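One structure below.
The values are calculated or read from the model by the stated rules, or taken from the named source; none is laboratory data. The structure presented is a predicted model; accordingly, all values stated were derived computationally and were not measured. Here the Cβ positions follow ideal geometry from the backbone for every residue, glycine too, while neighbour counts run over all protein chains shown. These area figures cover heavy atoms from the full protein model, side chains too; ligands, DNA and RNA do not enter into them. Shrake-Rupley method; radii C 1.70, N 1.55, O 1.52, S 1.80 Å.
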Amino acid sequence: MRKYELMFVVKPTLEEAATLNVVETIKKMLGEQKAKLVSEKNMGRRELAYEVKGFKNGNYFLLVVEAEPAAVKEFDRVANINEDIIRHIVVRVED
């Protein structure tokens, strides 16, 4: 298993409960893919460097996971489909 940082930005227009629901959905999907959650960080609302999908800021979340490449590929697919996630990135962490 490899270590990855998964960062995603959730729409700022969502209520707090809906935002947390998006995060829980992602964590549940990763669990189903046998990924181990190492750490989780809610980075709060931040201003984006440039406008993305009509938004100037968003709620940032960082998940550090140990997972197989298939689990990360599934995260990428789900993040692209989910309309509440406006941007995401996956970075492989070197040990």
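A few remarks follow.
- Looking across region 1-58, the residues that are in a strand (DSSP E or B), within 19 Å of PHE75 (Cβ to Cβ), free of Cβ contacts under 8 Å to residues at least 60 places away in the same chain and in contact with an Asp or Glu (Cβ under 9 Å, 6 or more places away or on another chain) come down to LYS36, LEU37, VAL38, GLY58.
- Qualifying residue in region 44-63 (condition: β-branched (Val, Ile, Thr), open to solvent by less than 50 Å² (accessible area, probe 1.4 Å) and at pLDDT 95 or above): no
- Of the residues making up region 66-95, those that are assigned to a strand (DSSP E or B) and surrounded by 14 or more Cβ atoms within 10 Å (Cβ to Cβ) are GLU66, ALA67, ILE85, ILE86, ARG87, HIS88, VAL90.
- Residue within region 13-30 that is out of contact with any strand residue (DSSP E or B) (no Cβ under 6 Å at 6 or more places or on another chain), at positive phi and open to solvent by 70 Å² or more (accessible area, probe 1.4 Å) present: no
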